[in-house]
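The values are calculated or read from the model by the stated rules, or taken from the named source; none is laboratory data. In this text the structure is predicted, and so the values were computed from the model without any measurement. Don't worry about glycine lacking a Cβ; one is built from the backbone with ideal geometry, like all the others, and counts go over all protein chains shown. These accessible areas exclude ligands, DNA and RNA; they are computed on the full protein's heavy atoms, side chains included. Shrake-Rupley method; radii C 1.70, N 1.55, O 1.52, S 1.80 Å.
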Amino acid sequence: MPHPAHAKRNVFSAACAGFLLLLSFTAAAAPQRVVSINLCTDQLAMLVAGEGQLISVSRLAADPAISAMAAEAEGYRLNDGLAEQVFLMKPDLVLAGSYSTREAVDLLKRLGIAVAEFPPEASLDDVRHNLERLGVLLDRKQAAADVIAAMDEGLADLAETPPGKRTAALYYANGYTSGKDSLAGDMIARLGLVNIASEAGVDSLGRLPLERLIMAAPDVIIGGDTDYEAPALAQAGFRHPAFVAATERSEYVNLPSRYTICGGPFNVAGMALLAEKLGGGGADE
């Protein structure tokens, strides 16, 4: 068994090697064989990459339940995020999330492959930052700027006809909610909705007991993916008589999670759908 000090040194060396490889992209030619192994970087890459530059995205990107770009993902080779699988594709850059499988990320770095890790977005400003960073990495700054400009235009349109200041609760499977320090929380805040999650002590992602939801009596309840084809225990709360009664007293809106899980122009599209259902703004879908 290697000495702990040696193991730490190996991990540090791998991290340094990966960092130096990433730095080389700022001065060398743009990467031409990009592989993404994370749902969120999948979608960012499909938005920004040039023709033929992105060669593979994760299998999750093709799942329409959680991916806003499932149709586009079908045009790419799908991967399972396994280091051996990715290595055989001979990528010159791998895109990963900061919570992607650490074993795979660390192994790819030790194999000398550049890996760029992106943190999950907690706001639309974070989405902008990740798009700009990817534009630099792929030498596609203008493409990234175009995506950002389209988002800004959509946000400006929504700001002209907000749905009004009302209390709202985001309510997901297993009784989870999103607070103000989350992407979904930022989306509804920009529509003028007041998130009740803070009253329950939730700032990012956390549990909102059904009792707290009922006592808060928000004007709007925003659910996500309540229409599963097969029965699921995680969805049981949506069938609870108390929850059903609460949705009858409030305005209930179903916003599919593909609009809020990751960052991109689909966030603005989700906001437009929500605004339309609440009587302010509009959507093309």
Q.
Modelling each spin label as a point 7 Å along the Cα-to-Cβ direction, I'd like the LEU155/ARG102 distance in nm, to one decimal.
A. 3.3
Q) Which distance in nm do the two modelled labels at GLU248 and GLU74 give, with both placed 7 Å along the Cα-to-Cβ direction? A) 4.0
Q. Quick one: accessible area per residue over segment 35-179, 1.4 Å probe, rounded to a whole number of Å²?
A. 45
Q | Percent carbon-and-sulfur accessible area, segment 114-225, ignoring ligands, DNA and RNA, probe 1.4 Å | A | 51
Q | GLU199 versus HIS240: modelled label distance in nm, points set 7 Å from Cα along the beta carbon direction | A | 1.7
Q: Taking H placed 1.01 Å from N in the peptide plane, check which residues at least 5 places from ASN254 or on another chain put their amide H under 5 Å from its amide H.
A: GLY223
